[in-house]
Amino acid sequence: MEEQGLTPDLQLRVANLEAELAVVRRERELIGKIADTIDLDKLLDILVAEMERVCDFDSLMINFADKRQESLVCEKVKLPERFAGMEKTYLKYKFPMEVVDANVECYGQRRAVFVDRSNANLFEGDTALRFERSTLQALVAIPILQDDSGEQAPLGTIMLFKMDGPIPAQQVAAIEQLLVLFRKQIKITFLCKEVEEHERQVQLVVEEQQRFLQFVSRINTLNCSKQIYESIAADFLRRFPFDLFAVHMCEGNELVAKKFKVINEKYQGECAALEAYYAKTHYNLDIAEGASVICFQQNRLLTLADAKEVMDLPMSEKDRQAVKLMKSPRTFVIVPIRQAEKPVGIIWLISLSRPVHVSEAQLKLIELLCSFIGTALANAELYSQVQEQKKE
């Protein structure tokens with residue numbers, strides 16, 4: 001019997017099945033690649049490559065909501081090759097949630113938002129500017145949903161840009177299908193990132209504890225107040241982001257300057273000027289004398305984020321002269337030195353060229369160190385008295 005070939009209908013069916021099988025195999029390979037990737041940047045590279053297969057666009061931004069959902073923050077940028085050098089400029093770009101922007105509307109309404117020159121004027125901020133300042137023809141913002149129900153806030157958004165025509169709705173739908181494969185792993189990468197950050201914070205705490213113990217051990221070996229002042233000045237300037245350190249101790253009814261130190265020789269002139277001024281000038285324990293006495297009398301830490309903003313406000317003559325000698329002071333932290341919870345002096349920590357940020361954790365550590373310093377100074381004073389008695 002002569003062997004018969006496949007009919008055209010069967011050949012077509014076989015071809016269709018083989019094509020479907022190829023799609024399934026490719027999707028399985030993609031799922032495997034996604035599951036093996038726990039680095040967000042690498043995972044987004046895979047996503048962008050897949051998006052380029054199913055959609056025609058010129059550039060994109062992938063943005064994720066910050067923890068407080070106050071802004072969408074750009075984590076991935078893809079620009080045309082001739083503009084590739086600018087990609088880093090757009091990383092971490094923030095879209096504030098309160099602005100009427102296509103990106104923000106997409107996030108809030110959990111649906112794709114299509115914008116072209118016919119409706120761009122309905123939006124504010126970044127969206128309107130893009131159409132005003134370029135030849136942009138189409139923008140689409142696509143939500144990265146956490147699940148199919150859309151009940152949870154999206155993880156973020158994808159913005160696609162096209163310079164010479166529209167972005168078809170069917171291509172956007174293809175990207176939405178892709179995101180179904182990626183969204184779970186994106187959440188996992190964020191969890192991994194949070195775990196890594198937690199581990200980093202734990203390590204920082206351990207290292208800080210070790211530095212504190214070393215500080216305590218070193219101070220305990222000193223039995224001279226001058227040595228303690230020098231040691232704590234060097235330690236504070238090395239540990240915290242300030243340029244000037246000073247310590248004033250209570251003697252009778254006055255705060256008397258004991259030590260000034262700067263982190264850099266370029267501030268040595270300011271340091272010398274302060275030393276000369278405070279060699280003859282002390283603070284009386286009257287709150288009219290200024291911030292240093294207020295800190296001491298109220299036994300509480302005082303901070304000033306930027307002195308430049310208050311230069312024109314009233315202040316005591318001694319404080320004004322100190323500020324003048326510092327030339328360009330910015331951030332102030334004034335801390336009481338405590339002994340048995342009572343103030344015995346104060347420490348200045350001052351930045352001289354730019355404002356600096358000091359976290360709540362750093363402020364608490366500074367207060368803790370200052371409390372220990374009070375005990376160390378009391379021990380040094382007691383040691384000195386004992387030595388004097390021995391000489392007598």
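The values are calculated or read from the model by the stated rules, or taken from the named source; none is laboratory data. As the structure is a computational prediction, the values presented were derived from the model and not from experiment. All Cβ positions, glycine included, derive from the backbone under ideal geometry; neighbour counts span all protein chains shown.
I'd like the full set of residues that are among the hydroxyl-bearing types (S, T, Y) and either more than 18 Å from M97 (Cα to Cα) or surrounded by fewer than 17 Cβ atoms within 10 Å (Cβ to Cβ) (or both), limited to the range 113-133. Before you say what the answer is, go through the steps one by one.
In the first step, residues of the range 113-133 are kept if they are among the hydroxyl-bearing types (S, T, Y); the result is 118, 127.
Listed by number, the list holds a single entry, S118.
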Which residue pairs have Cβ atoms closer than 9 Å, lie 6 or more positions apart in sequence or on different chains, and pair a first residue in the range 148-166 that is buried (at least 23 other Cβ atoms within 10 Å of the Cβ) with a second residue that is of a type in the set (V, I, T) and in a loop (DSSP other than H, G, I, E, B)?
L160/I167
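Against the definition (at pLDDT below 90 and more than 27 Å from the chain's Cα centre (by Cα)), how does F114 come out, yes or no? Let's see the steps before the verdict.
Details: at pLDDT below 90: no; more than 27 Å from the chain's Cα centre (by Cα): yes.
No.
If you check K184, K280, which single one turns out to be loosely packed, with under 14 Cβ neighbours inside 10 Å, closer than 30 Å to I158 by Cα and modelled with pLDDT under 95?
Numbers: K280 fails: closer than 30 Å to I158 by Cα.
Being loosely packed, with under 14 Cβ neighbours inside 10 Å, closer than 30 Å to I158 by Cα and modelled with pLDDT under 95 holds for just one of K184, K280, which is K184.
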Among the residues of the range 346-392, which ones are modelled with pLDDT of 70 or more and of a type in the set (D, E)?
E360, E367
Inspect the range 253-275 for any residue being more than 36 Å from the chain's Cα centre (by Cα), assigned by TED's automatic domain parsing to the domain that holds V344, farther than 17 Å from A322 by Cβ and surrounded by fewer than 19 Cβ atoms within 10 Å (Cβ to Cβ) and give the result as yes or no.
yes
Where a residue in the range 106-128 is farther than 19 Å from K162 by Cβ and its partner, wherever it lies, is surrounded by 17 or more Cβ atoms within 10 Å (Cβ to Cβ) and among the aromatic types (F, W, Y), with Cβ under 9 Å and at least six apart
Y107/F95; G125/F95
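Considering only helices (runs of 4 or more DSSP H) fully contained in the range 1-99, which possess at least 3 residues that are modelled with pLDDT of 90 or more, under 26 Å from L155 (Cα atoms) and not charged (D, E, K, R)?
Numbers: elements: 8-35, 40-54, 87-90.
So the answer is 40-54.
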How about the range 306-339: which of its residues are of a type outside the set (S, T, Y), surrounded by 15 or more Cβ atoms within 10 Å (Cβ to Cβ) and outside any helix (DSSP H, G or I)?
D306, M315, P329, R330, F332, V333, I334, V335, P336, I337, R338, Q339
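Has the range 255-266 got any residue that is among the aliphatic types (A, V, I, L, M) and in a helix (DSSP H, G or I)? Before the answer, list the steps.
Taking the range 255-266 as the starting set, the residues that turn out to be among the aliphatic types (A, V, I, L, M) are 255-257, 262-263.
Filter once more, so that each one left must be in a helix (DSSP H, G or I): none.
For the range 255-266, residues among the aliphatic types (A, V, I, L, M) and in a helix (DSSP H, G or I): absent.
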Quick check, is F57 more than 29 Å from the chain's Cα centre (by Cα), among the aromatic types (F, W, Y) and surrounded by 14 or more Cβ atoms within 10 Å (Cβ to Cβ)?
yes
Just to be sure, is S292 out of contact with any strand residue (DSSP E or B) (no Cβ under 9 Å at 6 or more places or on another chain) and more than 18 Å from S225 (Cβ to Cβ)?
no
